[in-house]
Amino acid sequence: MDQEIKAEFKRSGFSLEAEAEEEILKKCLTVCINYKLTPSDLTSNWEAYHLNRDLTGFTVQNSQIAGFLNHLENEQKKAIIKEETYPHLYSSNDVEMLLGDETYDSRDGTIGTPTDKREKLYLDSPQTNELMSYSGRPTKHGSNHMTPFGQRTNKFVVQFAFNKTEDTENDVRGNELAVQEDDVIKRIRPIERCSLEIQGSKPEPGCRYMYDSIENKFNSIENRIIKHASAIGATRLFEESVDPTVASNKSIFSVGMVCCDGEGRLNEKSILLQGSVEHCGGQRVRLDLHNLSHYSLFPGQVLGIEGNNPSGHCLIASKVVDSLPLPALPDIDLPPAKKQAIDQQFQLNSPSSPSTEELSMIIAAGPFSTTDNLLFEPLTELLAYASRKQPQLLVMLGPFVDSEHPEIKKGTVDRSYEEIFQVEIVRRLQDHAEYMGTAARVVLVPSIRDASHDFVFPQPALDLHLSNLKHQISSLPNPARFTANKLKVGCCSVDVLKQLSGEEISRIPADSSSRDRMGRLATHLLNQRSFYPLYPPSEDVPLDLSLAPEALQIPAIPDILILPSDLASFVKVLSVGGKAYGEQPVKCISVNPGRLAKGVGGGTFVELTFRGELDRTSATIIRM
């Protein structure tokens, strides 16, 4: 068809820009498919646009085509709105849709037995040949409306398998042709409902923010430094933390925060160590790392430095302690009441016990709609996949109504962001939860990119207005910690991995296991016991330390750490503790599910199965 478009342009006396001919034809072809235009219709519209805009020359430039396509899209929208202002005439198709789980037989007007075709909405991956309008009704122009997302060929392909088992499918495309017997078996033997306990609920919905002060920021930094110094000092493996700015030829040990001496990026010559007010009045001293064979530093990192400062102006480091010790076992000589309290705290902070139950979960992060429309096709297909796989827990992280979406940035949507969220997201989830039954659970975590929610971090939970489904759909703050079947899960929708990767400097030996950069970045959060250890924060992160500073803390090493990022998706086992304190390291599985939608195409999500132990946990990264 692209050659027909080119021929029509030529017949009308226009030529295409030679350097961008392929790109121009590709854009024109997409518009022709989406709006059911013939090549002659397209060129006729171009002629009118060319005359109305007084464009010079008869060469179609790539710089002009964007404005033309935007004009054409607006014209088509006006035509659609004009046609749909008339009353809607209900047909048998509308009745079939409104009946929900029942099937309407148009031949005799009676309700019949559900068929395979009727259940395709939930059991199979929906083909986007027929798109739904915002109200849930099929649009008049949707029957032949094809989008790039709907035209993709490789659907639900396993991109990466972690700890692969015999149950892991090599290609999930077979889900579209699933045998009906599988579904019958699952209905006879339904999934077991998992337990869910939210560990932190702050900040609370409706909280006041934008009241952060310099004092709050100062106290937050000071508390972090003191907390690290106390934890490291309690091990008695290092000397007591002292003032790093005092000149001394003897070896000293000091705890402080890594800073940069300017506004640029951190480098080896710009590293400063800021001590606590208690030890040095909050003064800073230059840090020399040339004697170290390996290190990994970023601004805001709190660590212990062993070295000497002969001049009083530069601390020459000989050893870096960049992690906190793991919680110690309760002392058997303590009084019973105190021992019981410490023992309970230890159980919360310790890794999962062997009695931890099994858990199946699907993890996905927004955006949930492609950039060329707000039809939320990826979300529809994700829910269809979850309806067939029937995980015990579906974890969804924002953005749900992405503030970076082109239509939202341009302000061309005709509804409020809250209405889009309630209609397009909440109603879909409500239908999914009702279809799956009471055993299925959904967890929602917002994002600072959510146009319909508070732009602050840490972030309160979303307001879902679902009084009848509270036991199935749970809304958590960002960041969030919860336990499901005794499995500890931590998640944060801020792209902290990408921000750390832009600020971190490191020196890693060639034979070191720390050369796994993604794993190293995720380990920083666990070593610092913080969901967001970077300071100062990234410019696009509205960090408010006056809200709930405890919400950013990671008091216990989670079993699963979910960190959505624009970086490459992964599932990795992290090892925390061990070397510096001579203790048994604790394992944690870090998951970056990627983005469910990328541009006009599909992204990735993760399907994870926990089988009582981390070593037996399997996961797959699946491309939409």
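Just to confirm the filter: which GluC sites (Glu not before Pro) across the range 417-490 are DSSP coil and have at most 14 other Cβ within 10 angstrom of their Cβ?
none
Remark: the Arg11-Tyr417 segment gains 141.7 nm on full extension, using 0.36 nm per residue and subtracting the alpha carbon distance. Across the cross-link table entries Lys27/Lys155; Lys227/Lys488; Lys36/Lys598; Lys27/Lys389; Lys217/Lys269, which are compared at the Cα atoms, the separations over 28 Å belong to Lys27/Lys389.
A cut-off under 10 angstrom between Cβ atoms defines the neighbours of Asp261, and their net charge, with Lys, Arg +1 and Asp, Glu -1, is +2.
Rounded to the nearest 20 Debye, what is the dipole magnitude of the range 565-610 about its Cα centre when Lys and Arg each give +1 and Asp and Glu each give -1 at the C-beta? Please report the intermediate quantities before stating the final value.
Working: 5 positive and 3 negative charges, 15 e Å.
For the range 565-610, the charge dipole is close to 80 debye.
Excluding Ser493 itself, what net charge comes from residues whose Cβ is under 15 Å from its Cβ, given Lys and Arg +1 and Asp and Glu -1? Computed value for this residue: -3. Shown for the range 209-300: the carbon plus sulfur share of the solvent-accessible area, taken with all protein chains present and a 1.4 angstrom probe, equals 51%.
In the frame of its principal axes, the range 522-624 has Cα extents of 44, 39, 21 Å, reported largest first.
Short-range pairs are left out: with C-alpha atoms under 8 Å and at least six residues apart, the relative contact order of the range 265-320 is 32 percent.
The values are calculated or read from the model by the stated rules, or taken from the named source; none is laboratory data. Note that this is a predicted model, so its numbers are computed, not measured. Cβ atoms come from the backbone with ideal geometry, glycine included; neighbour counts cover every protein chain shown. Heads up: the accessible areas ignore ligands, DNA and RNA and are worked out on the full protein's heavy atoms, side chains in. Shrake-Rupley method; radii C 1.70, N 1.55, O 1.52, S 1.80 Å.
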